[in-house]
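The values are calculated or read from the model by the stated rules, or taken from the named source; none is laboratory data. None of the values given here were measured: they were computed from a predicted structure. Ideal geometry is used to build each Cβ from the backbone, glycine not excepted, and the neighbour counts take in all protein chains shown.
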Amino acid sequence: MNLESGAADLVVGGLTPLSTADWPEKLAAVVFCQGCTWRCPYCHNAVLRPFGEGERPWSEVLRWLESRQGLLDAVVFSGGEPLLQPGLEDSMRHVRDLGFEVGLHTSGMTPRALARVLPLCGWVGFDLKAPRPVYARITGAPESADKAWESLAMLQEAGIPFELRTTWHPSLLSEEELCEVAGEIAALPRAAGQLTWALQAFQPDGCADERLAASDRAHVSEQLAALLRQALGAGARLVVRA
């Protein structure tokens, strides 16, 4: 199966009817796309990894969205990895035709697919997994760093508002490696304004890794947050999410 071409319905693995957290300052529904080829140990949506049948037909989701016109601002496509869905571009167009803004959560694993859908997006939440030298240790995919950074460069060039996001557990990334991520963000070109980096503490709910699932939520100390802000410099803002 070619995951990057061809007409197909979106495979929907789940739907959140209302969220205020998945697109800052927007009332949004979140459509979770089924399927992901990366194997990040901390993933709290592990149920969405397998490719296969969805929870509900996309046509049913569209009918439901019609009933939400005037009540919701936006629809965010999340996952899994939405970019692996052949039907993503058409689905985004359907949503825009209903009058909703379109948001995207992505790891950037498929730059060509991202290039097709970026013109339809009003905002992107971009998962930055690790410093480049150890990216594959987190994703399990040898070329994941190159693909992610190609997508990030494309996102910056597009001029679309976005937020960088990193999920952290101390057994997966050391504090020193987390500071490396901050340094890489600090080195990014600034087209306009200030970048936002959200550091998301690991949560065990939904995690398929038994060792991690048995651990508590990660805790970002004030000392670590101060080190990260120092590494970021004035061009980026750190937001810590427990």
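Below is a table of values for the structure above.
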item	result
Of residues in the range 70-100 being in a strand (DSSP E or B) and out of contact with any Asp or Glu (no Cβ under 6 Å at 6 or more places or on another chain), the one farthest from A46 (Cα to Cα)	L72
Complete set of residues in the range 154-185 that are in a helix (DSSP H, G or I), of a type outside the set (V, I, T) and closer than 28 Å to A214 by Cβ	E175, E176, E177, L178, C179, E180
Counted residues, the range 111-142 - those being assigned to a strand (DSSP E or B) and of a type outside the set (D, E)	4
Among the candidates H44, H105, residue that is in a loop (DSSP other than H, G, I, E, B), in contact (Cβ under 8 Å) with a residue 24 or more places away in the chain and either surrounded by fewer than 20 Cβ atoms within 10 Å (Cβ to Cβ) or not hydroxyl-bearing (S, T, Y) (or both)	H44
Qualifying positions in the range 108-127 - aliphatic (A, V, I, L, M) and either surrounded by 21 or more Cβ atoms within 10 Å (Cβ to Cβ) or over 15 Å from the mean Cα position of the chain (by Cα) (or both)	M109, A113, L114, A115, V117, L120, V124
Residue list for the range 181-202, filter: in contact (Cβ under 8 Å) with a residue 60 or more places away in the chain and surrounded by fewer than 17 Cβ atoms within 10 Å (Cβ to Cβ)	none
Given (1) in contact with a Lys or Arg (Cβ under 8 Å, 6 or more places away or on another chain); (2) touching a residue at least 60 places away in the same chain (Cβ under 8 Å); (3) of a type in the set (S, T, N, Q), number of the condition T20 does not satisfy	(2)
Those residues of the range 199-223 which are of a type outside the set (S, T, Y), modelled with pLDDT of 90 or more and more than 24 Å from F162 (Cβ to Cβ), in sequence order	E222, Q223
Test: R116 is in contact with a Phe, Trp or Tyr (Cβ under 7 Å, 6 or more places away or on another chain), over 18 Å from H44 (Cα atoms) and charged (D, E, K, R)	no
Qualifying residue in the range 117-125 (condition: closer than 28 Å to E184 by Cβ, touching a His at 6+ places or on another chain (Cβ under 7 Å) and touching a residue at least 12 places away in the same chain (Cβ under 8 Å))	yes
Where a residue in the range 208-228 is under 12 Å from P41 (Cβ atoms) and among the charged types (D, E, K, R) and its partner, wherever it lies, is at pLDDT 95 or above and assigned to a helix (DSSP H, G or I), with Cβ under 7 Å and at least six apart	none
